[in-house]
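What follows is a set of notes on a single structure, which appears directly below.
The values are calculated or read from the model by the stated rules, or taken from the named source; none is laboratory data. Values in this document were obtained by computation on a predicted structure and should not be read as measured data. Cβ: placed from backbone, ideal geometry, glycine included. Neighbour counts: every protein chain shown. Heavy atoms of the whole protein, side chains included, go into the accessibility calculation; ligands, DNA and RNA do not. Shrake-Rupley method; radii C 1.70, N 1.55, O 1.52, S 1.80 Å.
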Amino acid sequence: MPNMGSSSRKRPVQRMNSARRQLEIVNAAFDCIAVSGHLSLSTTELAYKVGISQPAIFRHFRSKQQLHRAILEEANLRVIDELKLLISRSEMWSDPANLIQDVVAQMGGSFERSPGVWLTLICQRSIAAEAEMPADEHDGRSHKCAISQLTYTLERLFTAAKDKGQVDDHLDPHDVSNIILSILFGMGQIWLNSERNFDLQHRLDIALKGVLAGYHFLPDQPSGAIPISAIA
């Protein structure tokens, strides 16, 4: 009887939701990516970080490709959810230039909190190739990749800011959105490479103000600016 009771008590632990364990593994992968700065995941290191055996990873993911797919989808979903939450307050659209600053500040804060997620997005094409899927493939949850969604949102906001006369009328919304993303990714990587020894959000704010004024701040030279027209 004691043995029966013992085994019956183990069943709920055994059944500890595979989805929950998968998320735990994906979160550990983001931590590993943030530390190593690249996407070459060692399943041995990953298993050690989660506190399970290496074969256990493949009880939750059929292959390394499926693991990479899960990492990519989760990274996109998290950033898209953050972005949607921020822009869902329609009253903020009355001041699109300020909302652009809020979006960039939020994304910069997200980079600081979850660098592994952002490094995954930056290397999206590489990891998609590892997962044997198109870089822009999506599931029913994420609709689009986060970079596409962010680009589209910044374009819309910049167009609205132009219509309100808040920014230089000669600037192209598509070019500006790509420049802002380049600055976010570039400064984020410099922040990581310099062991996070500067205020990323402050640097992004300075650079963004330059962009909105018609200048582009180079990510590796935040104090220097050149006109956007010179690099368009």
Residue count, the range 90-114, condition open to solvent by 10 Å² or more (accessible area, probe 1.4 Å) and part of a helix (DSSP H, G or I), comes to 14
Go through the range 30-65 and give me each residue that's crowded, with 17+ Cβ neighbours inside 10 Å and closer than 21 Å to Leu77 by Cα.
Phe30, Cys32, Ile33, Leu39, Leu41, His60, Phe61
Please go through the range 32-46 and pick out each residue that is assigned to a helix (DSSP H, G or I) and within 23 Å of the chain's Cα centre (by Cα).
Cys32, Ile33, Ala34, Val35, Ser36, Thr43, Glu45, Leu46
Might you check whether a residue that is touching a helix residue (DSSP H, G or I) at 6+ places or on another chain (Cβ under 6 Å), modelled with pLDDT of 90 or more and closer than 24 Å to Trp118 by Cα occurs anywhere in the range 208-215?
yes
Every residue in the range 167-213 that is over 18 Å from Ser148 (Cβ atoms) and among the hydroxyl-bearing types (Ser, Thr, Tyr), please.
Ser194
Name the residues in the range 161-181 that are surrounded by 14 or more Cβ atoms within 10 Å (Cβ to Cβ) and without any contact (Cβ under 8 Å) to a residue 12 or more places away in the chain, would you?
Lys162
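Listed here are the residues, each with its yes/no results for (1) aliphatic (A, V, I, L, M); (2) modelled with pLDDT of 90 or more; (3) assigned to a loop (DSSP other than H, G, I, E, B).
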residue: Leu119; (1), (2), (3): yes, yes, no
residue: Tyr152; (1), (2), (3): no, yes, no
residue: Val167; (1), (2), (3): yes, no, yes
residue: Ser177; (1), (2), (3): no, yes, no
Give the range 58-73 a look and list any residue that's more than 10 Å from Thr120 (Cα to Cα) and within 10 Å of the chain's Cα centre (by Cα), or say none.
none
Of everything in the range 48-63, what is farther than 22 Å from Pro115 by Cβ, assigned to a helix (DSSP H, G or I) and not β-branched (Val, Ile, Thr)? Give them in sequence order.
Gln54, Pro55, Ala56, Phe58, Arg59, His60
Within the range 183-207, which residues are outside any loop (DSSP other than H, G, I, E, B), over 13 Å from Val35 (Cα atoms) and open to solvent by 30 Å² or more (accessible area, probe 1.4 Å)?
Phe185, Ile190, Gln201, His202, Arg203, Asp205, Ile206
